[in-house]
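The next block holds one structure in the form of structure tokens; read it before the comments.
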Amino acid sequence: MSTPRVYVIHENPEWFPPLAAAFEAEGVPVQEILLTEGQIDLGAEPEPGVYWSRMSASSHTRGHEHSKEYTRAILGWLERAGRQVVGGSHVLELEVSKVAQHGLLQQAGFDVPRTTAVFGTTTLKQAAKDFTNGRDIPFITKHNQGGKGLGVRRFDSLAEFDAYVDSPEFEAPVDGITLLQEYLTAREPFITRVEFVGGEFVYAVRVDTSAGSFELCPADACEVPQVIAGAVCDVPGTETAGAPAAFSVRTEITAEHPLVQQLRTFLADQRITIAGVEFMETTDGRTVVYDINTNTNYNPAVEESAPASGPRSIAKYLGGLLETQYAAQLTA
């Protein structure tokens, strides 16, 4: 067997360089496991180490339609062998299902957007009519397996929605589940993403949505202008698509903030140690939590001014787990 190290399970090499640099800076040995192709010997023991899964719900948009299934297979193999897995099977299922996220957040007492999950397309138009009680009021759609603002659009009338469903522009969700969600108006044109590593608060990011961007991925590799007619960003209360959002540290939100404390407890209860959780503050005084990102990325501009580094925090955390479990082998 090889020297113990941290193994990073993922499918998008473009997102890895900042993490690789952080592991190098912290002196933590690391190796990628790319879940695009490959094989595992089901009769063999996994290599010693700590395994971190950062499988993305948007993997299918990069031509990796089966990476979710590959991840399920390898995580099951690792867990049955007793390897320490950060972001294990239960976290993967949360990452790829906004229905699951919504249910757990609601159960934990968070204010969440009113949402209906529609399976298939046959009943979509009737479901929208039921959702709005037959009225022409704004609502949004999104994909259950989302990320990158997939399927997120605003509609102001049932006729507009019906025409979209019947048109070639209709964007079918990869898992067949479309969400209908209430349209909320942000008090100010931004949403907030709270980052946690090792179950502890790192920092809160203000994501400016004044330009109406639907692409809220903070990674440097994501910052490419995209304009799609009728699209809105992956947050209730924003307008039409446009340039990428601007990211900055929201310094007034600290580890002592009541919502941060509530989220910290929630993540601990769900055994999620690395995540970014998004919320928005509305014009009618609500604080709505709507998304959990378990393959969180970090914005370079934010990293320059943040009180702590997200990638370095991850490298320290996973390096600490590795040291605790394999101290003798690492110093041999």
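Give the residue that is most open to solvent (accessible area, probe 1.4 Å), with candidates limited to residues of segment 249-264 that are without any contact (Cβ under 8 Å) to a residue 40 or more places away in the chain and assigned to a helix (DSSP H, G or I).
Here the answer is Pro258.
Specify the residue that is farthest from the chain's Cα centre (by Cα); the eligible residues are those in segment 11-43 that are small (Gly, Ala, Ser) and closer than 24 Å to Glu323 by Cα.
Gly27
Within segment 265-287, track down each residue that is under 20 Å from Ser248 (Cα atoms) and surrounded by fewer than 22 Cβ atoms within 10 Å (Cβ to Cβ).
Listed by number, the residues that qualify are Glu278, Glu281, Thr282, Thr287.
Residue-wise test of (1) touching a Gly at 6+ places or on another chain (Cβ under 6 Å); (2) at pLDDT 90 or above; (3) on the phi < 0 side of the Ramachandran plot.
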site: Ala22; (1), (2), (3): no, yes, yes
site: Glu32; (1), (2), (3): no, yes, yes
site: Leu35; (1), (2), (3): no, no, yes
site: Asp41; (1), (2), (3): no, yes, yes
site: Ala44; (1), (2), (3): no, yes, yes
site: Glu47; (1), (2), (3): no, yes, yes
site: Arg54; (1), (2), (3): no, yes, yes
site: Ser58; (1), (2), (3): yes, no, yes
site: His64; (1), (2), (3): no, no, yes
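Looking at Thr141, is it of a type outside the set (Phe, Trp, Tyr), in contact (Cβ under 8 Å) with a residue 24 or more places away in the chain and more than 23 Å from Ser56 (Cβ to Cβ)?
Spelling it out, it is not the case that Thr141 is of a type outside the set (Phe, Trp, Tyr), in contact (Cβ under 8 Å) with a residue 24 or more places away in the chain and more than 23 Å from Ser56 (Cβ to Cβ).
Tell me, please, whether a residue that is crowded, with 24+ Cβ neighbours inside 10 Å, modelled with pLDDT of 95 or more and closer than 25 Å to Ile314 by Cβ can be found in segment 205-215.
Yes, segment 205-215 has at least one match.
Could you please tell me which pairs satisfy a Cβ distance under 9 Å, a separation of 6+ or placement on different chains, a first residue in segment 17-31 that is part of a strand (DSSP E or B), and a second residue that is among the hydroxyl-bearing types (Ser, Thr, Tyr)?
These pairs meet every condition: Val30/Tyr7; Gln31/Ser2; Gln31/Tyr7.
Quick one: would you say Leu179 is part of a strand (DSSP E or B) and either of a type outside the set (D, E, K, R) or at pLDDT 95 or above (or both)?
It is true that Leu179 is part of a strand (DSSP E or B) and either of a type outside the set (D, E, K, R) or at pLDDT 95 or above (or both).
With the checklist (1) free of Cβ contacts under 8 Å to residues at least 60 places away in the same chain; (2) in a helix (DSSP H, G or I) in hand, flag the one item Ala204 doesn't pass.
Looking at each condition in turn, Ala204 falls short on (2).
Under 16 Å from Val6 (Cα atoms) and loosely packed, with under 14 Cβ neighbours inside 10 Å: does that describe Thr324?
Judged against the criteria, Thr324 is a match.
The values are calculated or read from the model by the stated rules, or taken from the named source; none is laboratory data. Source: prediction; values computed, not measured. Quick reminder, even Gly has a Cβ in these numbers, built from the backbone with ideal geometry, and neighbours come from all protein chains shown. SASA here: full protein model, heavy atoms, side chains in, ligands and nucleic acids out. Shrake-Rupley method; radii C 1.70, N 1.55, O 1.52, S 1.80 Å.
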